[in-house]
Structures are given as structure tokens and as C-alpha cells.
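Visitor: Just passing along the structure, written as C-alpha cells.
Values in this text are rule-based calculations from the coordinates and carry no lab data. Quick caveat, the model's predicted, so the values are computed rather than measured. So basically every Cβ, Gly included, is an ideal-geometry build from the backbone, and we count neighbours across all protein chains shown.
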Amino acid sequence: MKIFKKMNLNCKDVCPICKTKDEKEVVLIPIVGKQEGFNCEAIQVHLECLNLWYDKTSEVIFQKLK
């Protein structure tokens, strides 16, 4: 996963976790159903907002969003 030094403020979307456009490090998370060939639409998420969990049983990495 590539880390970008700051959020691209030209994008209309905010971080889906903290709901801001703070200029912090971000990663791009692909959006399900938005793939065409090898290209995929993604959303910027602040790296510090991520709190990922791993479920060994289902082999899924996830985060609950409130």
C-alpha cells in the first residue's frame, strides 16, 4: 500500500472515517464495484484514522466505521 504525504484537496470526497480533508498522510482504498480492467476508483483515507483488524477464520481485513 502506497502512502501519500498529504491528501489531494482537489478531490470532492473527505476521509470516510474522520469526515475531514486534513492534510495528513493518506492511502488509497479501492471502491468495490468501481473497477474497470486494471483501473479502479479509490477513496483517500488518512493513515492515522485506520484501525484495521484481521479475522483468521474468514481471512478478512476490516475496520468497523461508526
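Visitor: Amide H to amide H under 5 Å from residue 7: which residues, 5+ apart in sequence or cross-chain, H placed 1.01 Å off N in plane?
Guide: Here the answer is 24, since their amide H atoms fall under 5 Å of that of residue 7.
Visitor: Further question on the same structure: Quick one: length gained pulling residue 6 to residue 53 fully straight, 0.36 nm per residue minus the C-alpha distance?
Guide: Numbers: separation 47, 0.36 × 47 = 16.92 nm, distance 2.41 nm.
Full extension of this stretch gives 14.5 nm more.
Visitor: Using a basic spin-label model with each label point 7 Å from the Cα along Cα→Cβ, how many nm lie between residue 60 and residue 29?
Guide: Calculated label separation equals 1.4 nm.
Visitor: So, one more: I want to verify the translational diffusion coefficient of region 1-53 in µm²/s; compute it with Stokes-Einstein, Rh as the Kirkwood radius over Cα pairs, at 37 °C and 0.692 mPa s. Walk me through the numbers on the way to the answer.
Guide: Values: Rh = 11.6 Å.
Reported coefficient: 283 µm²/s.
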